[in-house]
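Asks: My structure is below; once you've seen it, I'll send some questions.
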Amino acid sequence: MFSLLGRLPSIRLRPETQMTPAQVLQLATEAAQAAHINATFGGLSLRRSDGRLIWMATTATKGSGWHVTVDDATGELGPVTRWGVR
């Protein structure tokens, strides 16, 4: 079975990005400081929206926290918004 799987063409699970995770976290931290929010972003996810790659940076908390989106192609920041229970 493993020899059969080895013959399959390789599948790219993560798309090519223009920004590194470190750059995204830096932009998210700057956006939080500009909004006068004391938040440490630790979670990153990558989503495709209308053919564009969007990074979602979230705080590493349970129940509620903050998140901000960053466009991978332009570096454009979305608003820093609260998510969750609070």
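The values are calculated or read from the model by the stated rules, or taken from the named source; none is laboratory data. Just so you know, these numbers come straight off a predicted model, no measurement behind them. Positions of Cβ are backbone-derived with ideal geometry, glycine not excepted, and every protein chain shown enters the neighbour counts.
Asks: So how many residues does the range 63-86 have that are small (Gly, Ala, Ser) and either closer than 16 Å to GLU16 by Cβ or under 14 Å from the mean Cα position of the chain (by Cα) (or both)?
Replies: First, pick out the residues of the range 63-86 that are small (Gly, Ala, Ser): 63-65, 73, 75, 78, 84.
Those left that are additionally either closer than 16 Å to GLU16 by Cβ or under 14 Å from the mean Cα position of the chain (by Cα) (or both): 73, 75, 78.
Residues flagged as small (Gly, Ala, Ser) and either closer than 16 Å to GLU16 by Cβ or under 14 Å from the mean Cα position of the chain (by Cα) (or both) within the range 63-86 amount to 3.
Asks: Residues ALA34, ALA60: which one is over 20 Å from MET19 (Cα atoms) and modelled with pLDDT under 90?
Replies: One residue alone meets the criteria, ALA60.
Asks: Working only within the range 15-56, note down all residues that are outside any loop (DSSP other than H, G, I, E, B), among the hydrophobic types (A, V, I, L, M, F, W, C) and within 12 Å of the chain's Cα centre (by Cα).
Replies: Within the range 15-56, ALA22, VAL24, LEU25, LEU27, ALA28, PHE41, LEU44, LEU46, LEU53, ILE54, TRP55, MET56 qualify.
Asks: Applying the selection to the range 57-71, what residues are closer than 14 Å to GLY84 by Cβ and either assigned to a strand (DSSP E or B) or in contact with a Leu (Cβ under 7 Å, 6 or more places away or on another chain) (or both)? Quick ask: steps written out before the conclusion?
Replies: Keep residues of the range 57-71 that are closer than 14 Å to GLY84 by Cβ, which gives 58-67.
Across the range 57-71, the qualifying residues are THR58, THR59, SER64, GLY65, TRP66, HIS67.
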